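The structure under discussion appears below in the form of structure tokens.
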Amino acid sequence: MRRFVIGQAKNLIDQTRRRPPQPHHHNNLRLLSLLRPSASDSTAVYSPRLFSSSSSSDMPGSDSSTSSLPVTLDSINPKVLKCEYAVRGEIVSIAQRLQDDLKTNKDAYPFDEIIYCNIGNPQSLGQQPITFFREVLALCSHTALLDESATHGLFSSDSIDRAWKILDQIPGKATGAYSHSQGIKGLRDAIAAGIEARDGFPADPNDIFMTDGASPGVHMMMQLLISSEKDGILCPIPQYPLYSASIALHGGSLVPYYLDEASGWGLEISELKKQLEDAKSKGITVRALAVINPGNPTGQVLSEENQRDIVDFCKKEGLVLLADEVYQENVYVPDKKFHSFKKVARSMGYGEKDISLVSFQSISKGYYGECGKRGGYMEVTGFTSDVREQIYKVASVNLCSNISGQILASLVMSPPKPGDDSYDSYIAEKEGILSSLATRAKTLEEALNKLEGVTCNRAEGAMYLFPCITLPQKAIAAAEAAKTAPDAFYCKRLLNATGIVVVPGSGFRQVPGTWHFRCTILPQEDKIPAIVNRLTEFHKSFMNEFRD
Amino acid sequence: MSLKALDYETLNENVKNCQYAVRGELYLRASELQKEGKKIIFTNVGNPHALGQKPLTFPRQVVALCQAPFLLDNPNVGMIFPADAIARAKHYLSLTSGGLGAYSDSRGLPGVRKEVAEFIQRRDGYPSDPELIFLTDGASKGVMQILNCIIRDQKDGILVPVPQYPLYSATISLLGGTLVPYYLEETDNWGLDVNNLRQSVAQARSQGITVRAMVIINPGNPTGQCLSEANLREILKFCCDERLVLLGDEVYQQNIYQDERPFISSKKVLMDMGEPLSKEVQLISFHTVSKGYWGECGQRGGYFEMTNIPPRTVEEIYKVASIALSPNVSAQIFMGLMVSPPKPGDISYDQFVRESKGILESLRRRARIMTDGFNSCKNVVCNFTEGAMYSFPQIKLPPKAIQAAKQAGKVPDVFYCLKLLEATGISTVPGSGFGQKEGVFHLRTTILPAEEEMPEIMESFKKFNDEFMSQYGDNFGYSRM
């Protein structure tokens, strides 16, 4: 870490030296703010390059010395600069560097591998895809296989039937063609049927917009809702940073509402009201409420009663309810059950005219965890037809989402049924993954709760634990001396001592003065005991070093 | 009912202002007619597989194996897959961390980006850095990411050719920037005149617009021209003088239908020009798996390469990319295959060459049939499609037709295209969706319908046009002028 800060500072000093005198003082301010290490962090998909003075001098020119170029840091969209994404930061850079170094320099470290607990990316940690889904995708990718007799020896019979059924729904059986901008109609039919089976209320395929993962759907809605910083979106804190990043990119205001850690990350209507009023008093028009259920990073599953209150609140205040329901299959405790907001609203007797509701679903999560496919959809209900046309128009600018993601989204909403050839193996794979995730969540939660000064709510759902760490004053002082957020300081020490990569709570935002980290429950089960041991050992020695 | 959460009035104005004609009124009407049972020829989108083009076999085999990696352990896999496809599938899976189901690096798999860099180096003869190549879900996503980084507010202008592919106008609207048009010269085979560019920039500046970037589409969409090397040099010099980032939309680089003007990348021309320009002009080039002889539109795969973009700006672009986590991994593999296709000696080589040549040669013939067909029609003139996938004929609408359109509340070319659709089932895009000079009307059609259907399509177009012109055109006719 120290090496990083020194390197960065040195680099900045070099750049400043090379830099011609700047007439605008804000440039200097920007440089100063860069000297403060970023509080946000990390995953494997994004790790900013660590600039060193040597590498920057080899480069075609760092930004400050090339200010005559049309596009530099000084002239890019300030909303881009402002947006923060916790799926970034130096911890992963450090982890990747450690991983490279481990290959040649094994003896230098007290661990022999890096364990990435920073991102919900199950298949990168060895989770196997559901066989049936992949069989169907392979057949749809290379449809000539369907004419080969040998295919019957290599594929399950229902995967072949399903592939035919899907191809028949695609005009010209052309899986290489752009589809309807909302997604292939037949696949949307299957999804609508799946929603109906889940909720017991009708779903309309014309309400479904298929997207490359759930994130583009969230961006699309932000684009529609936000015109300026006067438009606010209520977001949970702690939150998945997609929301803060998207709001910043679209130039709106994030209106925070705090989840109550003491009551298992409960969502209090009184808190929503308070924050809404507070925003109004600042001249902000709150347009929507984002709810993540099951919660990310907090793992709580909302009770139906709580959901009803939320629906009523949105209806009364005229807010669009943005329901992030991507973890709907990930529920690990018998006393909680996932209920979609659409089902809750409909069961209250609220229809199209009563509430505007957008529900997001993804193929990246659940038991399938197909992150690399970029598939998802949003179900859009309770909007007038002229608004719907605008959503369609925005979707059409990007033509369509990728077809294999679309096919997979339809498969997860209409998996094999009892009696199908693949049914038993499908159920065994699914149950195996979900019950193992539940075991891992429980084991990690118990281990965390045994640590001095650590309390951890159970992961009722989703894929994460978000323990609260009471850091000793000495540790906080040491973090300050190292110019880093206390939780980031803890996480870096953890990485260097154990090879375990987690994300500091500051990346998700938290009640000021409290410290957390997010740890996925995704490492394979046989690795969990070692993780628990290393984590426990590290924490003990950390506390011994810094105990007040 | 209570307060409406989001109604048309409260929508973001930028969204309302955005227009995207490729899937606009004509397309929606065509879809309706199709539902009613009418046979529709969709020539509105460059979507080859939808019109019957077969996918190339080899890449589909490789991706199918990556989709179902357990097949690789099956001793019988060789019965239905050739050995080189099996080897390539293993290669690409080894470049991933967790197969097709895991997020990759937000910029795309490092191994595929390396293959892209090697392709660019082979194509241009100059080195390319994989760190400056980002893979995207189709080229459109890349264009959106880059424009998002450039456009700050409505004072920022982007030079865009007119006629243009409406992705640019739509994205600039959505991001709240200003489109600064420069007109292509139809009588000069849609040539790009640098004097026009200067005028456009001067005019924009006089209105307080900061022109930030210039878009070129080469080969042109919808106009089909290939830019000459001399023209590209002028453009790069212009961008240098005016401090503009050049956005090179080069997605049709494989689609060339004449031999006089081959495709030359902007990057190669820039490097050929040497210093200081080669170090000063900022260039971002876009490519895709949707076009060429691949036509894999449904995969949503693309890349952009950045030249002379400073490292810390690259970091910001990386951050924007990271918010979408990663581009879809199977399309990344398609991209890898596109830039490193089978080589001579590989088992699949002959078939691959046969398939790809077959597609390109047929497209070349179709480009000719279409241009000639349009030029044989009354009041229609059409430049030859040198490249890309479109024909963009000018329709000289008689005053009576323009009058009738006005009465129907339609833009004249929309009126014409709707009539064409109702009469023949041919679904085109009116020129007004791409922008055109005042009082001049066009339509865009792809050259993608199957070759054997081409004569019939052109015949039915001619018949419609003759009838249209005689209905609206008494005492009028350019053919007599």
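Worth pointing out:
- In the stretch B:308-320, the residues that are more than 7 Å from chain A (Cβ to nearest Cβ) and buried (at least 23 other Cβ atoms within 10 Å of the Cβ): B:Ile317
- Against the criterion of being within 23 Å of A:Lys173 (Cα to Cα), more than 7 Å from every other protein chain (Cβ to nearest Cβ) and either part of a loop (DSSP other than H, G, I, E, B) or open to solvent by 60 Å² or more (accessible area, probe 1.4 Å) (or both), B:Lys39 qualifies.
- The residues of the stretch B:76-92 that are open to solvent by 30 Å² or more (accessible area, probe 1.4 Å), among the hydrophobic types (A, V, I, L, M, F, W, C) and closer than 24 Å to B:Ser356 by Cα, listed by number, are B:Ala83, B:Ala87.
- Residue check for A:Asn496: assigned by the TED database to the domain that holds A:Leu437, assigned to a helix (DSSP H, G or I), surrounded by fewer than 19 Cβ atoms within 10 Å (Cβ to Cβ) and in contact with a helix residue (DSSP H, G or I) (Cβ under 8 Å, 6 or more places away or on another chain): yes
- Boolean, B:Ala50 is at pLDDT 95 or above and of a type in the set (A, V, I, L, M): no
- Residue count for the stretch B:93-104, restricted to those that are facing another protein chain (nearest Cβ under 7 Å) and either open to solvent by less than 30 Å² (accessible area, probe 1.4 Å) or closer than 18 Å to B:Gly138 by Cβ (or both): 6.
- Matching residues in the stretch A:76-115 - criterion: being among the aliphatic types (A, V, I, L, M), more than 13 Å from B:Glu315 (Cα to Cα) and buried (at least 16 other Cβ atoms within 10 Å of the Cβ): A:Ala86, A:Val87, A:Ile91, A:Val92, A:Ile94, A:Ala95, A:Leu98, A:Leu102, A:Ile114, A:Ile115
- Boolean, A:Ser303 is under 21 Å from A:Asn330 (Cα atoms), of a type in the set (Gly, Ala, Ser) and open to solvent by 20 Å² or more (accessible area, probe 1.4 Å): yes
- Condition met for A:Ser253 (at pLDDT 95 or above and either under 21 Å from B:Thr10 (Cβ atoms) or among the aliphatic types (A, V, I, L, M) (or both)): yes
- The set of residues from the stretch B:47-56 being more than 7 Å from chain A (Cβ to nearest Cβ) and either open to solvent by 20 Å² or more (accessible area, probe 1.4 Å) or within 16 Å of B:Thr96 (Cβ to Cβ) (or both) comprises B:Leu51, B:Gln53, B:Lys54.
- Within the option set A:Gly213, A:Gly251, A:Gly186, A:Gly217, being more than 25 Å from the chain's Cα centre (by Cα) and assigned by the TED database to the domain that holds A:Ser347 holds for one residue only, A:Gly186.
- Any hit, the stretch B:137-145, residues being over 21 Å from the mean Cα position of the chain (by Cα) and charged (D, E, K, R): no
- B:Gln258 being open to solvent by 10 Å² or more (accessible area, probe 1.4 Å), touching a Gly at 6+ places or on another chain (Cβ under 6 Å) and part of a loop (DSSP other than H, G, I, E, B): no
- From the list A:Val397, A:Val387, the lone residue that is β-branched (Val, Ile, Thr) and in contact with a Ser or Thr (Cβ under 8 Å, 6 or more places away or on another chain) is A:Val397.
- Qualifying residue in the stretch B:64-75 (condition: among the aromatic types (Phe, Trp, Tyr), open to solvent by 30 Å² or more (accessible area, probe 1.4 Å) and within 26 Å of the chain's Cα centre (by Cα)): no
- Residue within the stretch B:319-331 that is aliphatic (A, V, I, L, M), free of Cβ contacts under 8 Å to residues at least 24 places away in the same chain and in contact with a helix residue (DSSP H, G or I) (Cβ under 9 Å, 6 or more places away or on another chain) present: yes
- Count of the stretch A:402-424 residues which are within 7 Å of chain B (Cβ to nearest Cβ) and either assigned to a helix (DSSP H, G or I) or within 19 Å of the chain's Cα centre (by Cα) (or both): 3
- Look at the stretch B:344-364: where a residue is within 20 Å of B:Asp84 (Cα to Cα) and modelled with pLDDT of 95 or more and a partner is in a helix (DSSP H, G or I) and aliphatic (A, V, I, L, M), sitting 6+ places away or on another chain with Cβ atoms under 8 Å, you get B:Ile347/B:Ala83; B:Ser348/B:Ala85.
- Looking only at the stretch B:17-36, and only at residues there that are more than 7 Å from chain A (Cβ to nearest Cβ) and among the basic types (Lys, Arg), the one that is farthest from B:Cys417 (Cα to Cα): B:Lys35
- Enumeration of residues in the stretch A:82-101 that are farther than 13 Å from A:Val501 by Cβ and either without any contact (Cβ under 8 Å) to a residue 24 or more places away in the chain or among the β-branched types (Val, Ile, Thr) (or both): A:Asp100, A:Asp101
- Flag if A:Gly217 is among the small types (Gly, Ala, Ser), within 14 Å of chain B (Cβ to nearest Cβ), buried (at least 19 other Cβ atoms within 10 Å of the Cβ) and in a loop (DSSP other than H, G, I, E, B): no
- Test: residue in the stretch B:357-377 that is within 14 Å of another protein chain (Cβ to nearest Cβ) and open to solvent by 10 Å² or more (accessible area, probe 1.4 Å): yes
- Of all residues in the stretch A:349-390 being crowded, with 24+ Cβ neighbours inside 10 Å and in a helix (DSSP H, G or I), the one that is nearest to the chain's Cα centre (by Cα): A:Cys371
- Filter result (assigned to a strand (DSSP E or B) and more than 23 Å from A:Arg458 (Cβ to Cβ)) within the stretch A:291-329: A:Val320, A:Leu321, A:Leu322
- Summed over the stretch B:180-198, the residues that are polar (S, T, N, Q) and either outside the structural domain of B:Thr307 (by the TED database) or modelled with pLDDT of 95 or more (or both) give a count of 0.
- Residues of the stretch A:220-250 classified as open to solvent by less than 20 Å² (accessible area, probe 1.4 Å), in a loop (DSSP other than H, G, I, E, B) and either of a type in the set (A, V, I, L, M, F, W, C) or in contact with an Asp or Glu (Cβ under 8 Å, 6 or more places away or on another chain) (or both), total: 2
The values are calculated or read from the model by the stated rules, or taken from the named source; none is laboratory data. Since this is a predicted model, take the numbers as computed values, not measurements. Note that we place each Cβ from the backbone using ideal geometry, even for glycine, and neighbour counts take in every protein chain shown. Quick note on the areas: whole protein, heavy atoms, side chains included, nothing else; ligands and nucleic acids left out. Shrake-Rupley method; radii C 1.70, N 1.55, O 1.52, S 1.80 Å.
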